[in-house]
Amino acid sequence: MQRATLEQPTKRPRCDDSPRTPQSTPPAGANRPEDPDSQSSDLRTWDPEDVCSFLEKRGFREKKVLDIFRENKITGSFLPFLDENRLENLGVSSLEERKKMIECIQKLSQSRIDLMKHEQGSIEMFEHLVNSNELKLVMKNYGLVPEEDITFIKEQIMGPPITPVKKSSWLYKGRPAKKSFLYEIVANKRNGIDVDKWDYFARDCHHLGIQNNFDYQRFVKFARVCEVYDDEEMIWVKHICTREKEVGNLYDMFHTRNCLHRRAYQHKIGNLIDIMITEAFLKADPYVEITGTAGKKFRISTAIDDMEAFTKLTDNIFLEILYSSDPQLSEAQSILRNIECRNLYKYLGETQPKGKKITKEEYEKLPQEVADAKPDMALDVELKAEDFIVDVINMDYGMEDKNPIDKVHFYCKSNSRQAVTITKDQVSQLLPEKFAEQLIRVYCKRKDKKSLDAAGQHFIQWCAIRDFTKPQQYGAGEMAQRVRALAALPEDPGSIPSSQQPHAAHSQL
């Protein structure tokens, strides 16, 4: 970035009543002791007892092995570097146990990556860019106040700070309450209508050939700021409002978002490739070093702890692993080669819960459930949990099961100063009844025909046990047979058309 000279004039004066606040806020729970078994716990803080506690809760309770871990002072920082040879030296004699332990450790490393939210990563990257490029001086030359404006930029990305301003119900620090509408432009935490969405709508709809029904220019044309009394914060705040006739345009916006997720962002093969790349990176994780601040070395999963290292974690890491001569990366390379050759895991089908959704705590248990759901018929192949991948996708309008339009304020032509809300039944009877759903996709790692036939039968049986919707790939008759068998109802072959009798249960990519 070109640096501004000291002779440049300032661009805008600062108001005297602008708040002056600290540049950063400590993260939530910074002073709170961590549960070693918690997914949010930092591995670097684990002592040998924490490691043993983690292993015990994962089913590794052999006293001899745990004592060796304690004697060798295996801390959390060392956990990701354990391979089969090291585990064997530590007394884990069973090959199956060693593989199971490595899988648990890899999942632990993956959870650290998952926990770094997009917004938090953006803030840390922004701080790194400001500090490494000495941008505070540049900001001052343009009439900005870094201590205040950096806070404002962070709040635009992340939302309100954890600690509100003292003796004030206004949560933000970067701008006072009378500028509240500024927080609804970049990343609108109130209802999700912001320029961030408009930007990727225009870009992705253009490149994917999907019709973008949302007209952002029309929204901007009718936008105005109105004062609204906030019952939660118990103060008058200013919100961006639009004309009441634009309510249909906003429903189109969220519908477009849902279409993009269904057809592109959450595409079944795109998600599968993401899963396979993650697998490859987890296998490569102990053997890849990335240099960070002061020459400190990081792995793929720990590069998030140092922004200098994280900036080096580009797409090129894929090729670095793929073409490496290190024999320890052979397993990861094999997965990446399969991706390049489109030799992917096989898609079995998609289903949905009819009632209660699957919780995040259940995700790890789902492959075992599918493996345990054995059909009545004898199968030629014995399948295990590691042969299945269950991908749970939560689709919504951006506010889980809530209608985001309920959080939007409108004004009428007759009174452009008064903000009103518009309920769904005031708009149309053809709008969605629900604003969230859960998709469950199942894949099989084995690719031979017998295994795929058996995997399909497991999948159908699992859907019947769980009372999930019928997968589109399978006939209604086959699902009906499973449900009747589970309910111990008498079979009525005459009620099932021959065209819907059981058939080979797998889908070729």
### Complete set of residues in region 327-347 that are open to solvent by 100 Å² or more (accessible area, probe 1.4 Å) and of a type in the set (Gly, Ala, Ser)
none
### Message
Restricting to region 226-279, and then to whatever is crowded, with 17+ Cβ neighbours inside 10 Å and hydroxyl-bearing (Ser, Thr, Tyr), can you tell me which residue is nearest to Leu329 (Cα to Cα)?
### Response
Thr256
### Query
Is there a residue in region 365-388 that is open to solvent by 50 Å² or more (accessible area, probe 1.4 Å), without any contact (Cβ under 8 Å) to a residue 24 or more places away in the chain, farther than 14 Å from Phe459 by Cα and under 23 Å from the mean Cα position of the chain (by Cα)?
yes
### Query
What tally of residues in region 183-196 results from selecting those that are in contact (Cβ under 8 Å) with a residue 24 or more places away in the chain and either buried (at least 17 other Cβ atoms within 10 Å of the Cβ) or not aliphatic (A, V, I, L, M) (or both)?
8
### Task
Collect the residues in region 399-451 that are open to solvent by 70 Å² or more (accessible area, probe 1.4 Å), in a loop (DSSP other than H, G, I, E, B) and not polar (S, T, N, Q), keeping them in residue-number order.
Glu400, Asp401, Lys402, Lys413, Leu430, Glu433, Lys434, Arg446, Asp448
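Do you know which residues across region 116-134 are open to solvent by less than 30 Å² (accessible area, probe 1.4 Å) and either in contact (Cβ under 8 Å) with a residue 40 or more places away in the chain or among the hydroxyl-bearing types (Ser, Thr, Tyr) (or both)?
Selection gives Gly121 alone.
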### Query
Only one of Ile68, Ile74 is hydrophobic (A, V, I, L, M, F, W, C), modelled with pLDDT of 80 or more and outside any loop (DSSP other than H, G, I, E, B); which?
Ile68
### Criterion violated by Lys356 - all others in (1) in contact (Cβ under 8 Å) with a residue 60 or more places away in the chain; (2) open to solvent by 60 Å² or more (accessible area, probe 1.4 Å); (3) under 21 Å from the mean Cα position of the chain (by Cα) satisfied
(1)
### Task
Just give me the residues in region 193-251 being over 12 Å from His409 (Cα atoms) and assigned to a loop (DSSP other than H, G, I, E, B), in sequence order.
Asp194, Gly209, Ile210, Gln211, Asn212, Asn213, Phe214, Asp215, Asp231, Glu232, Glu233, Met234
### Task
Please identify the pairs in which a residue from region 310-321 that is within 22 Å of Ser122 (Cβ to Cβ) has its Cβ atom under 8 Å from the Cβ atom of a residue that is open to solvent by less than 70 Å² (accessible area, probe 1.4 Å) and of a type in the set (Phe, Trp, Tyr), counting only partners at least 6 apart or on another chain.
Ile317/Phe281
#### Entry: Long-range neighbours under 6 Å by Cβ, at least six apart or interchain, first residue open to solvent by 40 Å² or more (accessible area, probe 1.4 Å) within region 48-61, second among the acidic types (Asp, Glu)
Lys57/Asp37
### Filter result (at pLDDT 95 or above, open to solvent by less than 60 Å² (accessible area, probe 1.4 Å) and in a loop (DSSP other than H, G, I, E, B)) within region 312-326
Ser324, Asp326
### Message
Asp199 - would you say it is loosely packed, with under 14 Cβ neighbours inside 10 Å, within 21 Å of Met399 (Cα to Cα) and over 30 Å from the mean Cα position of the chain (by Cα)?
### Response
no
### Message
What's the number of the only condition in (1) farther than 30 Å from Thr421 by Cα; (2) of a type outside the set (Ser, Thr, Tyr); (3) out of contact with any Leu (no Cβ under 7 Å at 6 or more places or on another chain); (4) surrounded by 19 or more Cβ atoms within 10 Å (Cβ to Cβ) that Glu308 fails to meet?
### Response
(4)
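The values are calculated or read from the model by the stated rules, or taken from the named source; none is laboratory data. Note that the structure is a prediction, hence the values are computed from the model and not measured. Neighbour counts run over all protein chains shown; Cβ positions are idealised from the backbone, glycine included. The area values use the complete protein model at the heavy-atom level, side chains included, leaving out ligands, DNA and RNA. Shrake-Rupley method; radii C 1.70, N 1.55, O 1.52, S 1.80 Å.
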